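Trainee: Sharing a structure below in structure tokens format, with a few things to ask.
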Amino acid sequence: MPRSNRPRRPRGVGPESVDEETGLDRLMSSWRRTEFRRGREYTVQPISSASAQKEYVCPGCGGTVLPGTAHVVVWRADGVLGDEADLASRRHWHNHCWSIA
């Protein structure tokens, strides 16, 4: 039997039409949590290996967080300069480095 070249789903329903707000970013934001370390409050957001697309320097060990490596993004939740400044100073940590910090 010959194969059909017709698309199986209606137009506009594919992964390219998924809005960022309703996609993986929205799912990941629900995992965001607050942690307390050394008397300070931090917001911690896990990043899956599928979402990790850039290279970062881990402040815990000074090593590289490679693309495709699951890690966490951490920023202060109680900074005196406000939420925008705290978010701008966020850092990408290896999971292990953050857990022992």
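Trainee: Restricting to the stretch 75-89, and then to whatever is free of Cβ contacts under 8 Å to residues at least 40 places away in the same chain and either among the basic types (Lys, Arg) or assigned to a loop (DSSP other than H, G, I, E, B) (or both), can you tell me which residue is surrounded by the fewest Cβ atoms within 10 Å (Cβ to Cβ)?
Mentor: In this case the residue turns out to be VAL80.
Trainee: Another question about this same structure. Search the stretch 48-64 for residues that are outside any loop (DSSP other than H, G, I, E, B) and pair each with any residue that is among the hydrophobic types (A, V, I, L, M, F, W, C) when their beta-carbon atoms are under 8 Å apart and the residues are at least 6 apart or on different chains.
Mentor: TYR56/VAL65; VAL57/VAL65; THR64/VAL57; THR64/CYS58
Trainee: Does GLN53 satisfy the condition of being surrounded by fewer than 13 Cβ atoms within 10 Å (Cβ to Cβ) and at pLDDT 60 or above?
Mentor: Values: surrounded by fewer than 13 Cβ atoms within 10 Å (Cβ to Cβ): yes; at pLDDT 60 or above: yes.
In short, yes.
Trainee: Which residues, taken from the stretch 90-101, are farther than 13 Å from TYR56 by Cα and either touching an Asp or Glu at 6+ places or on another chain (Cβ under 7 Å) or in a loop (DSSP other than H, G, I, E, B) (or both)?
Mentor: ALA101
For every residue, the table says whether it meets (1) within 16 Å of ILE100 (Cβ to Cβ); (2) in contact with a helix residue (DSSP H, G or I) (Cβ under 7 Å, 6 or more places away or on another chain); (3) at pLDDT 95 or above; (4) of a type in the set (S, T, N, Q).
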| site | (1), (2), (3), (4) |
| --- | --- |
| ARG33 | no, no, no, no |
| ARG38 | yes, no, no, no |
| THR43 | no, no, no, yes |
| LEU66 | no, no, yes, no |
| TRP75 | no, yes, no, no |
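The values are calculated or read from the model by the stated rules, or taken from the named source; none is laboratory data. Because the structure is predicted, anything quoted here is derived from the model rather than measured. Glycine gets a Cβ as well: all are built from the backbone with ideal geometry, and neighbour counts include every protein chain shown.
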